[in-house]
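Written out below as structure tokens is the structure these notes cover.
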Amino acid sequence: MKRWEIDAIGRQRLRLNDVEVPRPGPKEVLIKVNAVALNYRDKMVVETGRGLPLKFPFTPGSDLAGEVVALGEGAARFRLGSNVISTATPDWIDGLRAGTARTPAYQTLGGFYPGVLAEYVSMLEDWFVSAPETLTTRQACTLPVAGLTAWFALVERAGVRAGDTVLIPSTGGVALFGMQIAKANGARVIVCGQPEYECRAKAQGADHFIDADTDWMETVYQLTSDRGVDVALEVIGGKHLGQSIQVTTVGGHVCQIGALDGWDISAPAMPLMLKDITVHGIGTGSRTALEGFATAPCVL
């Protein structure tokens, strides 16, 4: 079979190699990979390693949709022929994520664990969930990272509901999912981005689109009659976190996800304290959350 691998850090070390089809071990399933989604984090892992303990040759990628074609000893979670999607953080089944104050956990597919950019993968059966029957494989493979991140932020943590106003300052993968999830839950969506993406954003459910190169914060104040937004899906990071906090309403939520503007985030303390804002740090979500997302009305 074919499998993408790097033998050292760097995109120039990425090769498509011929390898043996793996055999599933105890409690494992062999998956025929039908589609793989690529995320910005996959690019970063290949190019920089992100400080992770990669074992070479290393296969990148965390999002797959595929079919169970063989069962290892004791595997009973799926039947042969089942269509499944991967869980990007496979050890996180439910509840709080693992880790400590000193050492947060970052054990993901295509990062800590080998990835899925191959024709076949053999992994523990607990690392997969059933794929939505209504989606094609290309659609389904986008759910484990981009889709789940938006779902976990908006639904599991911020508790978005009908009547809320949600700010999404981007038009990337997580943002596009966020628009659709927010709209499916009855929220009003304000998107901020480059003008060439306005039509796409409105097609995905944006009620208002603001040119990011204008005074977008003032426009948000005007659109909300100075009240502010209930939820900000902060996918940019850096100093942009402070701007999202400033346009968030009293008692609102800011979901910190991205780092496009840098890993060192900053925000003014006064509006954060005076408005009783909750900031959620979001890093994908649990397997239980992915199962809930995959069976939600907005997906089915």
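The values are calculated or read from the model by the stated rules, or taken from the named source; none is laboratory data. Just so it is clear, the structure is predicted and the values come from calculations on it, not from any experiment. Glycine gets a Cβ as well: all are built from the backbone with ideal geometry, and neighbour counts include every protein chain shown.
Please pick out the residue among THR103, THR89, THR108 that is free of Cβ contacts under 8 Å to residues at least 24 places away in the same chain and more than 16 Å from ILE31 (Cβ to Cβ). Unique residue meeting the criteria: THR103.
Only a single item in (1) closer than 13 Å to VAL33 by Cα; (2) of a type outside the set (Lys, Arg); (3) part of a loop (DSSP other than H, G, I, E, B) is not met by VAL69, and it is number (3).
The number of residues in segment 154-185 that are charged (D, E, K, R) and modelled with pLDDT under 95 comes to 0.
For (1) crowded, with 21+ Cβ neighbours inside 10 Å; (2) touching a helix residue (DSSP H, G or I) at 6+ places or on another chain (Cβ under 6 Å); (3) under 20 Å from GLY285 (Cβ atoms), each residue gets a yes or a no:
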{"position": "PRO132", "(1), (2), (3)": "no, yes, yes"}
{"position": "LEU135", "(1), (2), (3)": "no, no, yes"}
{"position": "ARG161", "(1), (2), (3)": "no, no, yes"}
{"position": "VAL166", "(1), (2), (3)": "yes, yes, yes"}
{"position": "GLY178", "(1), (2), (3)": "yes, yes, yes"}
{"position": "GLU196", "(1), (2), (3)": "no, no, no"}
{"position": "CYS199", "(1), (2), (3)": "no, no, no"}
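Let's see how each residue does on (1) among the acidic types (Asp, Glu); (2) at pLDDT below 95; (3) assigned to a strand (DSSP E or B):
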{"site": "LEU64", "(1), (2), (3)": "no, no, yes"}
{"site": "GLY74", "(1), (2), (3)": "no, no, no"}
{"site": "TRP92", "(1), (2), (3)": "no, no, no"}
{"site": "GLN107", "(1), (2), (3)": "no, yes, no"}
{"site": "VAL116", "(1), (2), (3)": "no, no, no"}
{"site": "SER122", "(1), (2), (3)": "no, no, yes"}
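Out of VAL45, VAL21, one residue alone is on the phi < 0 side of the Ramachandran plot, surrounded by fewer than 17 Cβ atoms within 10 Å (Cβ to Cβ), hydrophobic (A, V, I, L, M, F, W, C) and in contact (Cβ under 8 Å) with a residue 60 or more places away in the chain. It is VAL21. Among the numbered conditions (1) free of Cβ contacts under 8 Å to residues at least 12 places away in the same chain; (2) of a type in the set (A, V, I, L, M); (3) under 11 Å from LEU167 (Cβ atoms), the only one that VAL254 does not meet is (1). Residues that are hydroxyl-bearing (Ser, Thr, Tyr): find the helices (runs of 4 or more DSSP H) completely inside segment 168-230 holding 2 or more of those. In segment 168-230, the matching helices (runs of 4 or more DSSP H) lie at 216-223. Within segment 137-153, none of the residues are more than 23 Å from ASN39 (Cα to Cα) and either surrounded by 24 or more Cβ atoms within 10 Å (Cβ to Cβ) or modelled with pLDDT under 95 (or both). Picking from residues in segment 94-116 that are farther than 21 Å from GLU156 by Cα and of a type in the set (Phe, Trp, Tyr), the one that is surrounded by the fewest Cβ atoms within 10 Å (Cβ to Cβ) is PHE112.
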